[in-house]
Structures are given as C-alpha cells and as structure tokens.
Amino acid sequence: MNIKDAIVKNSTLSRLLKICNDEKFGSVYVVGGFIRDYFFDVQCKDIDLSVEKNSLLLAKKITNMFNGKLENSMFSTHSICFKHFRIDIANMRKETYIRPGNLPKIKLTNDIRDDLFRRDFTINSLAASLNSKDLGEIIDPFDGLSDINNQILRNNHSLSFSDDPTRIFRAIKYSNKLRLKIDYETEKQLYEYKKFIKNLSATRILNELNILLEDDFHLNFKKLSKYKIMTEIENNFIPFTDKISSYKKLPLSKLQKIYLLTKNIDKMVAENLYTKSPEFFEWSNGIKLNNKYKNIHFNKYTSSRNLHLFLKDLPREFLLFMELSENRDYVKKQLSSYLKKLSKIKLFINGSDLLDIGYKKGPIIGNILNQILLKKISGEIKTKSDEINFAKMKMR
Ligand code: CTP
C-alpha cells in the first residue's frame, strides 16, 4: 500500500476528497501526523489539513458533512471534533517568532513548503496532496521520509527549539513513542535552547507534561532528567526516576504518577512552583504530600488510632499509591488495613445533623466529624446514637 491507497482507504479522508477538489480551496494537503504515522505503521489520532484558501469555509462544509462540532481558534485554525477523533484545518502559513517562547506572528502563504518549514521536525513536515490531479503526491522538502527510514528525529531548522521550546518536550515524546534517535545537531540545539523553557507560560508547560505522563511516562521522565529539562522550569525540580521502570506496569492514575515523580523533591520547590503559578498545584501538592509522609514515624506497633492521626490529612489516592510503592512490609500492611477499615467506615451523621443539634457553621463541624471518625476507627463508637451523644458531649 502507498500513501495514495492509504488516503483512499481512510474512511474519513476518502469522504473529503470530493469537497477538497472544489476550486474555492486551491491546493489541499493532508499534513504531519497522518503521513508520519502511516509510515511508522501506527494508529493516527487526528487528521491535519493545510489548505491554500478559505479554510473556514472548508471547515464548515466538513463539519456539516460529518455532523461534528466546529471550534475556531485565535490563530484562525479550525477543529472539527467527533467522539473519538479530530480534523484540524488551517490556511497555509508562515510563522515568525519575535521572542523565544512567545506565540508566533502569522502570515498566510500559498506555498506548502513555507507551511512545512514552520513545523517542528522533519518527520512531521510532510504533506500529501488531496487534489485529484496529483492525489497522494508527497511534498518532502526536508528529507523527512529518509529520517523516518533511518529512525531519526531531526529539527527542520536550527532555531526550531528557540522559536518554540515546547518542541523540546515533543522531541522527548516522539523519540520514545516512535523509538527514534535524536540527531546530534538537534540534541545540541536542545541543550542550547532549553533555557527558553523559562519563557513559556505554566499552561503551555503543563500541557506538555500532561502528554508526557500519558504513555511511556517512565521513559519520558527519564529522558527529561537526562537532559536536565525539569530544572529549567524550577531549580531543584528533579523528578524521581531511579528504578522508575518497575512502576510501568502498575495501573497508576495521572495524579499517582505525579506522586511517584515528586518523591524526593525538597519542600521549597513546592512553594516556588506554586508562587510561579498556582496552575502547578498538582506538582506542588505532590511534593508537599511526599514530604509529610516522609516525616511520619511508623513503627511495627502503631495503633489504629495513631495511624489515623498520622494519615488523616493525606488524600486516599496518595495513600493507595503509597500502599503500592512502600517497600517496608509492615508499613505496607498497616496502610492496607487502614485503607480497608476506612472504606468500610461510614458516619451515620453529617454536618447538617451537627447544625440541628446546635453547632454553628465553621471549621468546628469538620473537626467534630473527624473526631467521631477517629473514635469509630478505634472501635469506641459504633451506632448512630453513639455518634450523636459524642457530638452533644463535645458541645458542653
Ligand atoms: N507543531 C509544531 N510545533 C508545535 C506543535 C505542533 O511544529 N509546538 C506542528 C507539527 O508539525 C505537527 C502539527 O503541528 O505535526 C500538528 O500538531 P499536533 O496535532 O500536536 O501533532 P501531530 O503531528 O498530529 O501528532 P500527535 O499524533 O502526537 O498529536
């Protein structure tokens, strides 16, 4: 099969061919991911189209045809969203970056080569025509096909990482996902321009980190450590990656991966990250929770009551992660039995019952409920009337 057959056999693209031949749109190309993933023989997630003219009109026509939902961005790109995939459409464009890490200025072009030049890596800078006169013809100005063959990840041009430092995170993603070797010059540019990561907004950094947490997270964070990339976000932000491969098979949630990666990071980093932007909350909180946990003095004879006092401020998801990752056997057992007990224990009364018996709104409500929970864990309180009596007794 060649790319022309792949286009014709693709259930989405084949339906688009007729619309794409309308003169109003000029040349229309499928670009980037679809072609790259075809040659790497992996499932393509989204389809990106680059069009010479009238991208919005094309987007509207496709939206109607597929009954999708159209979203337009501030960069005049259009996304048509379906349940499980997306089509992104943009007019062919050139980009200029005034300052490293800032968003680009855009100028329209009618040359697909200009549009390919603005992209990140040679393997992504491929276009295949969707017009009937040259259907499936590949435009490959940077030898992307040869890099795909040789499994090399190479920047399109020497300022690619300086223009857009999020591409450094993307380099890590592609090199692991597609098992590519990062080209020598590209690697040199990565070292040279990683300092510009500081110029990125928290939203853009977190977006890239979230993607890297999805697949192969252990390999991604090992590589981020190898290139000392996280410390460009904040000094001493050094994720825990020792023996991290042993965690790859565990069914960890995104938050639990953050708990793992923030195992050995100094408390100060949590404060600094949060000051930089509250958007770093999950990472900053992960560091704080790990530091709290480290200060707990477990011993083999800790009572359930004390265990509850130690653990009551730690979220359940964190404790579940600790139960998985703890290597002191007796602590692991204590965590298991605590979590088991906790899942069975339900209070009969809640905050409004306390208000009914005369408590005033405020932190006291949570405090009393927690004291009742403590008594239930230690077995001193059992029934609903025990709970109410205890609350009444505390009011006196
Ligand atoms: N791109 C870029 N620089 C970025 C982000 C994207 O040059 N910081 C370009 C790439 O050429 C990419 C295209 O925009 O091919 C579309 O981006 P995206 O949808 O993120 O990537 P895909 O190639 O579709 O890959 P994936 O399957 O990983 O989403």
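In whole angstrom, how far apart do the alpha carbon centroids of the stretch 156-203 and the stretch 94-127 sit? Each part reduced to its Cα centre gives a spacing of 15 Å.
If contacts are Cα pairs under 8 angstrom and at least 6 residues apart, what is the relative contact order of the stretch 8-101 in percent?
Taking the mean separation of contacting Cα pairs over the length of the stretch 8-101, I get 24 percent.
Think of it as helices only: each DSSP H run of n ≥ 4 in the chain is worth -39500 (n - 2.57), and spread over all residues that comes to -14500 deg cm²/dmol at 222 nm. Of the residues 39, 280, ranked by 1.4 Å probe accessible area with the largest first, the sequence reads 39, 280. Think of a 1.4 Å ball rolled over the protein heavy atoms: the stretch 10-71 then has 49 Å² of accessible area per residue.
Ordering 304, 315, 335 by Cα displacement along the dipole of the stretch 296-344 toward the positive end leaves 304 in first place; charges were set at the Cβ atoms of Lys, Arg (+1) and Asp, Glu (-1).
Note on the stretch 11-76 and the stretch 307-331: Cα centroid distance 49 Å, given to the nearest whole angstrom.
Model label points for residue 303 and residue 267, set 7 angstrom from Cα along the Cα-to-Cβ axis, are 2.7 nm apart. Evaluated at q = 0.11 Å⁻¹, the base-10 log of the normalised Debye intensity for the stretch 177-284, with identical point scatterers placed on the Cα atoms, takes the values -0.35. In order along the stretch 221-238, the phi-based Karplus estimate (6.51 cos²θ - 1.76 cosθ + 1.60, θ = phi - 60°) of 3J(HN,Hα) comes to 6, 5, 5, 4, 6, 3, 8, 6, 8, 5, 6, 6, 6, 7, 3, 6, 7, 10 Hz; Gly and Pro are listed as x. The Kirkwood hydrodynamic radius of the chain, based on inverse pair distances between different Cα atoms, is 24.9 Å.
Over the C-alpha trace of the stretch 351-395, radius of gyration and Dmax come out as 9.9, 28 angstrom.
Compactness of the stretch 78-169 is given as radius of gyration and Dmax, 14.5, 41 Å, from Cα positions.
Taking every protein chain into account, the 1.4 Å probe leaves residue 158 with about 70 Å² of accessible area, to the nearest ten.
D by Stokes-Einstein for the stretch 248-383, Kirkwood Rh over Cα pairs, 4 °C, 1.567 mPa s: 77 µm²/s. Heavy-atom accessible surface of residue 185, to the nearest 10 Å², is about 90 Å², with a 1.4 Å probe and all protein chains retained. Straightening the chain between residue 137 and residue 374 buys 78.3 nm, computed as 0.36 nm per residue apart minus the Cα-Cα spacing. Mean sequence separation of contacting Cα pairs (under 8 Å, at least six apart), scaled by the length of the stretch 111-244, corresponds to a relative contact order of 18 percent. Here, the stretch 130-209 yields an orientationally averaged convex hull projection of 6.7 nm² when only Cα atoms define the hull. Computed with a 1.4 Å probe on the full set of protein chains, the accessible area for residue 99 sits at about 120 Å². Taken along its principal axes, the alpha carbon cloud of the stretch 23-77 reaches lengths of 32, 24, 24 Å, longest axis first.
Distance cut-off 19 Å, Cα to Cα: go down the list 45/223; 24/61; 94/188; 248/340; 194/228; 294/376 and report the pairs above it. Flagged as over cut-off: 45/223; 94/188; 248/340; 294/376. About its Cα centre, the chain has a charge dipole of approximately 2120 debye under the convention of +1 per Lys or Arg Cβ and -1 per Asp or Glu Cβ, with nothing else charged. Annotation: amide H-H contacts under 5 Å for residue 127 (H modelled 1.01 Å from N, sequence separation of 5 or more, or interchain): 139. The charge dipole of the stretch 343-388, taken about its Cα centre with unit charges on the Cβ of Lys, Arg, Asp and Glu (plus for the first two, minus for the last two), comes to roughly 140 debye. Pairwise inverse Cα distances across the stretch 3-149, averaged and inverted, put the Kirkwood hydrodynamic radius at 15.5 Å. Simple point charges give the picture: +1 on the Cβ of Lys and Arg, -1 on the Cβ of Asp and Glu, and for the stretch 296-344 a dipole about the Cα centre of about 260 debye.
Say the dipole of the chain comes from +1 at the beta carbon of Lys and Arg and -1 at that of Asp and Glu; which of 160, 135, 103 then lies farthest toward its positive end? Among 160, 135, 103, the one farthest towards the positive end of the dipole of the chain is 103.
Mean separation of Cα pairs under 8 Å and 6 or more residues apart, divided by the residue count, gives the chain a relative contact order of 9 percent. Computed on the Cα trace of the stretch 309-364, the radius of gyration divided by the Kirkwood hydrodynamic radius gives Rg/Rh = 1.16. Subtracting the Cα-Cα distance of residue 150 and residue 336 from 0.36 nm times their residue separation leaves 62.0 nm of extension gain. Heavy-atom accessible area, probed at 1.4 angstrom with all protein chains present, ranks 93, 179 as 179, 93, highest first.
The values are calculated or read from the model by the stated rules, or taken from the named source; none is laboratory data. Computed from a predicted model, the values in this text were never measured in an experiment. Using ideal geometry, Cβ is built from the backbone for each residue, glycine included, and neighbour counts are taken over all protein chains shown. The accessibility values were calculated without ligands, DNA or RNA, using every heavy atom of the protein model including side chains. Shrake-Rupley method; radii C 1.70, N 1.55, O 1.52, S 1.80 Å.
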